[in-house]
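A short write-up of the structure that comes next.
The values are calculated or read from the model by the stated rules, or taken from the named source; none is laboratory data. The structure displayed is predicted, hence computed values, not measured ones. Positions of Cβ are backbone-derived with ideal geometry, glycine not excepted, and every protein chain shown enters the neighbour counts. Please note that ligands, DNA and RNA were not included when accessible areas were found on the heavy atoms of the full protein model with its side chains. Shrake-Rupley method; radii C 1.70, N 1.55, O 1.52, S 1.80 Å.
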Amino acid sequence: LHCLTPGGARSARVSLMMAAPCSAVPSLAGGRAASFAIAVAISVAFTVGAPADSDEYRDIVHHYCHMEGDWGPLPPRPEGATGLRQAQVFIRHGARTLSSDQFCWEGGDDPKNGNFSCSLNYLDNSIDATNKALTPFFRVSYMASHSGMWGSCYVGQLVESGFEMERANGRRLREAYVDREKLLPAALAQIGSADFERDFFLRSTDIPRTKQSSMALFAGMYPGEPAAEVPYIPLRSMDKSRENMLVNSKICPAVKPSTATFFQKMPVALLTEMHEICTTWNPNLPSMVEPEDCFWWLGHLVDCLMSRMCPNVPFSSHNSSVPEAFLSDEAALTKRVWKTIDEAQNQWFHAMVEAGASSALISDILDAAEAALALPSKVAVAPKKFLLYSGHDTGPMLPLYAAFNLRPEAPFWPSFASMLVLELWDTKDGVVARWISNGKVVDGPKPFAEFRQQASALVAKGSQCEVSAETLETEAMSEFTNLPSRTSASFPANIVTVSSGVAAAGILVAMAFSSAAAAAVVAAPAPFRLPPMRKSHESAVPRRAARDADRVAPFPAA
């Protein structure tokens, strides 16, 4: 745009994106990454003023870090309710350390600038089929400077404050479902293993912090008592390739083409913000970075910031280790980063729900709810009274927020130890469903038939996972490469379309590139790929799996 503007008028925002002299501009006409950069340039030229206000993120540290550590008591039973049938509980793990050793910022991996210090851990042993101990207990700890980060913690480790957050969740559940509603037994010593299996179902992703969070929550519900007839607490998990709490392309192949389509149709203003932040603050990213690579790194940047800013995460020096630019002017840049990725991430999860990526999880939820309503003679297995799903912000929390519209206002990103509860209540008019989020009613009570219809429609979207994957990919590529040939300078329609007030400028851009095409435009190079993001003690982590050890493509479990 600078090259096409009389007099060379050029704003600071435009200058961030000028990675080549004006003579090289025509060669940018091809390729997906190039289209992204050109779309950003067009958007910047037609953008007036500063980024949108970020007041909704002014207390983001307090929100994300869950500084209270306790969501308070659960709401009383709905008016007219006569009894509780079932509670399905969904949690994000408690506070943790940084979940990836990717690049944060220059000097971010220097131990002189701070480190994490952890003491919470496991005792492990081995047992046989009869629960007889075969080994003593072992305590595994990470050797200093030999984990993915500096200090005594491993990547993504649950910290003491995070454990206590989940124990507080458990205490609140006990108040509501043991003491008040008598849904569950007062003590595990009152029941045997068969009774436990009948009434309880505990599930976690196969990640230490989520398993430990589920243990902490259950310890809050039944603190310090001997199990008696229940020698151990069954905790279910599954291989990450089959985990349906997360958006998982192994379960729903349409995830990848749907993600490609999502980034191609993303609002240009949001693309602009993403591109500016990524190319300014990550020197390892190429100027022609693809939107998807920028998207993943921005999520990681938020993790870099919050793992240091959260007072309840044991990182020495906290804010003093964060670049001043993120703290100055009342942390305007931090709020801008948050607003940008939070909006993009929320839109992505809505797109994934539409693609059917959360249908398998919602099917499990609906099956459990329907079992609770069935007559005992009509179900092969007695319905569960209490179900726990322990996972991440990226699943089950954000998928359920998006699917059932449980968090319609920003910030969308779940806090540490966020807790959703789906309750089923008996009333004189029939069973009603109610959603509770962090201690507050966010949906319902409404007739179970209404909830069932909504959930069934979401489950039905899963039919798109298999049949539409190839079609979606074909459509995505044809829409994005809507060019007569590799040497054509035409733009995809959704990128060059502008409002009538700036139509002439859009035509000017198209004409300028078209006139230069014959002499200057060559076959577009392959899109840039994200390079390794660490400069020392690097780990061999794939580009899109780097942010977390438990990542299931395309989104990390954080």
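Structure notes:
- Candidates 294, 269, 249 compared by Cα position along the dipole of the stretch 243-303: farthest toward the positive end lies 249, with charges placed on Cβ.
- Solvent-accessible area assigned to carbon and sulfur over the stretch 173-276 amounts to 56 percent, based on a 1.4 Å probe.
- With every protein chain in place, the stretch 64-119: carbon and sulfur % of accessible area (1.4 Å): 48
- A cut-off of 5 Å between modelled amide H atoms, ignoring neighbours fewer than 5 places along the same chain, links residue 442 with 435, 436, 437.
- Extension reserve of the residue 409-residue 117 stretch, reckoned as 0.36 nm per residue once the Cα distance is removed: 101.6 nm
- Look at where the Cα atoms of the stretch 388-409 and of the stretch 323-362 average out, and the two centres are 13 Å apart.
- Those lysines that a straight Cα-Cα span of less than 17 Å connects to residue 446, excepting residues fewer than 8 apart in one chain: 428
- Cα gyration tensor, the stretch 78-207 - rounded (a/c under 1.5), prolate or oblate: oblate
- Cα-based Kirkwood hydrodynamic radius, the stretch 78-129, one decimal, Å: 17.2
- A 1.4 Å probe over all protein chains sorts 243, 79 by accessible area into 79, 243, starting with the largest.
- Per-residue ³J(HN,Hα) for the stretch 349-356, Karplus 6.51 cos²θ - 1.76 cosθ + 1.60, θ = phi - 60°, Hz, x for Gly and Pro: 5, 4, 5, 5, 4, 5, 7, x
- For the stretch 113-118, Karplus couplings with θ = phi - 60° (6.51, -1.76, 1.60), whole Hz, Gly/Pro x: 9, x, 7, 8, 9, 10
- For residue 427, the residues whose amide H sits under 5 Å from its own are 82, 432, ignoring neighbours fewer than 5 places away on the same chain, with H placed 1.01 Å from N.
- Probe 1.4 Å, protein heavy atoms only - accessible area per residue of the stretch 65-212 in square angstrom: 44
- Amide H partners (placed H, <5 Å) of residue 98, local residues excluded: 156
- Pairs over the 22 Å Cα-Cα cut-off, from the set 211/256; 132/385; 256/335; 339/440; 265/461: 211/256; 132/385; 256/335; 339/440.
- For the stretch 213-363: rounded, prolate or oblate by the Cα gyration tensor [a/c cutoff 1.5]: oblate
- Mean separation of Cα contacts under 8 Å (6+ apart) over length of the stretch 164-219, as relative contact order %: 53
- Neighbours of residue 95 by Cβ distance under 15 Å: Lys/Arg scored +1, Asp/Glu scored -1, total -2.
- Net charge, residue 262 excluded, C-beta distance under 11 Å - Lys, Arg +1, Asp, Glu -1: 0
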